[in-house]
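In what follows, a structure is listed as structure tokens, so that the remarks can point back to it.
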Amino acid sequence: MNTNTIAITDFGGIERNRNGKIRISAKSKSNSAVKLLVISLAAISVVAIFTFDYKNIDLGQAIADTFVNFKTVFLTPKLSRTSLTELLYQLLVTFCLGALSTVFGMILAFFCSLLCAKNISDLHVANIIKSVVALVRAVPTVLWVLIFAVSAGLGSVAAVVGLTFHSFAYLTKVYSEAIEEIDDGTIEALRASGAGFWQIVTQAILPSSISYMVAWTFMRFEINFTNAVAMGAAAGAGGIGFNLYMAGSFYFDLREMGALTYIVVIAVVILEMCSTKIKEKAK
């Protein structure tokens, strides 16, 4: 028996091995459950790989063709069906889809977060609203878009409403957390001096959490922009995402698909640079 693995608990409650080293990892039911889950998923993945019906596909040839397609897409991009003017217009449409959904979600989230923050709202009301918002947030964005597409039809309206719905739930969570981090002494002092609810909001909440809210709002805008690209294909919302879908699935023009992909990447990088600047100024 290896005595070095025996754990010794000192008076401070710290577990040490026989050689005196502190035992960092401790056994617990949650750790065991996580390990069991990871092992089970790995085993299922291995079994799936060997039992999947490949429909007589030559796997080696398929991998080789995939590399050829990647080479065509990323090494020889070329706009052949879309003019530069039309491309910039479609990129602007995608930008507007992301911006509109972010603005609408931001406005709704701010007022809802005032009811979610436990330091300024009733505890029961805050818990109920947080539960509802968590449920909304748990549903993927694309599913919300498809749900609203049933009533509004495929297009930009369903995309904006679906993106707004998920943005509202996302921003409500982060806004309420920002409000809850405000020093309770400041709020209590304003209440003691006779300040009303909206006076507390304008004089304590906004000055203390506005930078945090701005940073998270712009981050959500980045997410909405990339989601708007996907919604252009999935929900027929238009924009550059629809051009990508047509180039890849209808025309099978891989070179144009590569050019459009690079343009989307450049746009996302520019947004990330703007986001970094805004976050630095908001601090």
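A short reminder: the numbers here are calculations on the coordinates, not readings from a lab. Keep in mind that what you see is a predicted model, and the values were worked out from it rather than measured. Don't worry about glycine lacking a Cβ; one is built from the backbone with ideal geometry, like all the others, and counts go over all protein chains shown.
Remarks
- Annotation: peptides 101-112, 144-155, ranked by per-residue average of other Cβ atoms within 10 Å with the highest first, follow the order 101-112, 144-155.
- Förster radius 45 Å - calculated FRET efficiency between residue 195 and residue 44 (Cβ-Cβ, nearest 0.05): 0.20
- Potential lengthening between residue 202 and residue 186 on full extension [0.36 nm per residue; Cα-Cα distance subtracted]: 4.5 nm
- For peptides 229-240, 190-201, sequence by mean Cβ density within 10 Å, most packed first: 229-240, 190-201
- Residue 56 paired with residue 252, simple spin-label distance in nm, labels 7 Å along Cα-to-beta-carbon: 2.0
- Only helices reaching 18 angstrom along their own axis (Cα) with mean Kyte-Doolittle hydropathy no lower than 0.5 count here, and for the DSSP H runs of the chain these are 29-51, 59-75, 84-116, 123-138, 156-180, 206-234, 254-282.
- When the convex hull of its Cα atoms is projected in every direction, mean area for region 74-282 (nm²): 13.3
- Of 173/281; 118/279; 71/279, those spanning more than 31 Å from alpha-carbon to alpha-carbon: 71/279
- Stretching residue 65 away from residue 124 to a fully extended chain increases their span by 15.4 nm, per 0.36 nm per residue minus the current alpha-carbon distance.
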